[in-house]
Amino acid sequence: LDFIYLVGLSFRHYGLGSYAKAVYLDTASSCLIRECDFHLCDLGVGLKRQADGNVIEDSTFSDTTYEWLWEAVKDEASLETGGIRIYDAPTSGRGTVIRRNTFSDYFDGFGVCPDTDTGTTVETDVHHNLVERVGDDGFETDGYCSNLRIWGNEIRDALVGISVAPVYRGPVFAIRNLIHRTGAGTSQAGYTGTCFKFNSGFPQSGTIYLFHNTCDAYRAGNDALAIKSGGSWDLVHGRNNIWSATGYAISNSNTAQPLDLDYDALFTTLAGELAWWSGLADRHLNTLSELQTATGQEMNGLQTDPGFEDPAAMNYTLEPTSPLVDAALVIPGINDRWGGSGPDIGAFERGDEVFSDGFESGGLGSWSSAVP
């Protein structure tokens with residue numbers, strides 16, 4: 001069935017039997033789910049087969065698996081589905097939009113790419129969602145996606161921000177996302193957090209673009225951008241991001257894979273350290289100059305305290321005196337307008353509320369259903 005609107009409904013305890021879900025868009029197109037509440041469902045919304053142009057917006061998804069033991073969740077795979085999942089077998093829909101939703105207290109927040117390749121691009125837009133208190137991945141793009149656009153999302157108190165492990169075919173664009181307080185979850189002892197996860201034991205990912213993301217580990221002992229061993233990709237291409245860490249700003253254990261990072265801001269509270277690079281005689285790169293000389297990365301990068309307004313209050317706008325204001329590389333089609341003499345590094349642009357695209361005071365603030 002097509003053109004079905006579900007507005008203002010509450011779904012509770014949909015979890016009986018295999019593959020239980022509250023709403024199932026199976027070969028359904030041009031449907032709208034708006035202002036609904038999904039609580040303690042095995043899965044809130046599932047999409048499968050030829051499902052085109054569906055919109056899921058302004059809804060809340062919540063569970064209680066955030067603090068569950070890792071092994072207990074892994075023993076029961078259905079607990080990893082999260083609030084929304086685009087399935088395989090096969091799924092070839094285009095134009096799914098997931099926007100302005102809140103996901104909380106899951107093991108994985110949600111997943112937007114099918115596991116099976118059907119030869120059709122997915123064309124999925126994921127924007128202005130809030131994901132909080134997640135024991136593993138804030139959300140997953142793992143699977144087959146082309147032209148996946150991820151922007152303006154806030155992910156906090158998750159082990160990992162966004163998983164791209166792997167994204168077959170690509171490209172994937174992650175733009176102006178705020179990811180902070182990674183490494184969360186008391187059940188994840190022995191695991192450290194990172195803003196993006198690339199490592200996997202699966203075939204090669206496509207190209208992954210990271211533009212204007214603000215990543216702050218905040219919790220002790222966590223890297224901002226940790227590229228772990230395992231996995232392969234065509235290219236990871238990053239510009240104008242903030243990598244703020246309590247461990248390494250950037251650590252790379254998978255140096256055989258192509259990486260192109262530049263014009264980013266690197267910072268860590270870890271004394272005497274900056275980056276860590278596998279395969280070098282001295283893997284500890286203590287300054288930006290050492291990183292540039294040893295790896296060729298971040299040739300126009302900055303090593304500096306970003307100058308956030310108030311991270312303790314989750315306000316990640318830049319102070320007026322921040323060295324990142326007006327310091328970003330101009331990228332046509334990505335940051336064509338700005339509020340100063342140039343674009344700012346990171347997710348937020350001072351002096352241009354329109355360009356910041358819905359963010360208020362460094363967080364998602366309040367949303368309006370009138371946003372197109």
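The values are calculated or read from the model by the stated rules, or taken from the named source; none is laboratory data. Keep in mind that what you see is a predicted model, and the values were worked out from it rather than measured. As a convention, Cβ positions derive from the backbone with ideal geometry for all residues, glycine included, and neighbour counts pool all protein chains shown. The protein model used for the area step is the full one, side chains on, heavy atoms only, and it has no ligands, DNA or RNA in it. Shrake-Rupley method; radii C 1.70, N 1.55, O 1.52, S 1.80 Å.
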Legend entry - Computed over the stretch 109-156: relative contact order in percent, which uses C-alpha pairs under 8 Å that are six or more apart: 52
Inset, instruction - Specify whether the C-alpha gyration tensor of the stretch 21-180 places it in the rounded, prolate or oblate class, a ≥ b ≥ c being the square roots of the eigenvalues: rounded for a/c under 1.5, otherwise prolate if a/b is larger than b/c and oblate if not. - result: rounded
Legend entry - 28 Å Cα-Cα reach of Lys228 towards lysines, excluding residues that sit fewer than 8 places from it in its own chain: Lys74, Lys197
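Please express the shape of the chain as an equivalent ellipsoid: the semi-axes are the square roots of 5 times the eigenvalues of the C-alpha gyration tensor, given largest first in whole angstrom. Each step should come with its number before you reach the end.
Values: eigenvalues 212, 100, 76 Å².
Three semi-axes, in Å: 33, 22, 20.
Please calculate how many Å² of accessible area the stretch 171-266 carries per residue, with a 1.4 Å probe and no DNA, RNA or ligand atoms counted.
Counting only protein heavy atoms, the per-residue value for the stretch 171-266 is 28 Å².
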Inset, instruction - Mind running the shape call on the stretch 123-184? Use the C-alpha gyration tensor, a ≥ b ≥ c as the square roots of the eigenvalues: rounded below 1.5 for a/c, prolate if a/b tops b/c, oblate otherwise. - result: oblate
Inset, instruction - Using only Cα atoms, figure out Rg for the stretch 124-283 and give it as a multiple of 2.2 N^0.38 Å. - result: 0.94
Inset, instruction - State, to one decimal in nm, how far the label point of Thr64 lies from the label point of Tyr5, with both points 7 Å from Cα in the Cβ direction. - result: 3.5
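Tell me the relative contact order for the chain as a rounded percent, counting alpha carbon contacts under 8 Å between residues six or more apart. Working shown, then result.
Details: 1168 pairs, mean separation 32.5, N = 372.
After rounding, I find 9 percent.
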Inset, instruction - Give me the percent of the accessible area of the stretch 20-72 that comes from carbon and sulfur atoms, probe 1.4 Å, all protein chains in place. - result: 53
Inset, instruction - Roll a 1.4 angstrom probe over the protein heavy atoms and tell me the percent of accessible area of the stretch 266-317 that is carbon or sulfur. - result: 50
Inset, instruction - Determine which aspartates and glutamates satisfy two conditions relative to Lys48: a Cα distance under 20 Å, and not lying fewer than 8 residues away in the same chain. - result: Asp2, Asp26, Glu57, Glu80, Asp88, Asp108, Asp115, Asp117, Glu123, Asp125, Glu140, Asp142
Inset, instruction - Would you mind finding the longest exposed-site-free stretch of the chain, with exposed chymotrypsin sites (Phe, Trp or Tyr not before Pro) meaning DSSP loop and at most 15 other Cβ atoms within 10 Å? - result: 192-372
Legend entry - Dimensions (Å) - the stretch 213-287, Cα atoms, principal axes, largest first: 31, 29, 20
Legend entry - For the stretch 1-73, the fraction of alpha-carbon pairs in successive 10 Å shells from zero, as %: 19, 46, 28, 8, 0
Legend entry - Ala271 versus Gln303: modelled label distance in nm, points set 7 Å from Cα along the beta carbon direction: 1.7
Legend entry - Per residue, in Å², the accessible surface of the stretch 1-147 once ligands and nucleic acids are set aside, probe 1.4 Å: 39
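Per DSSP H run of n ≥ 4, the term is -39500 (n - 2.57); total these for the chain, divide by its residue number, and report the mean residue ellipticity at 222 nm rounded to 500 deg cm²/dmol.
-1000 deg cm²/dmol
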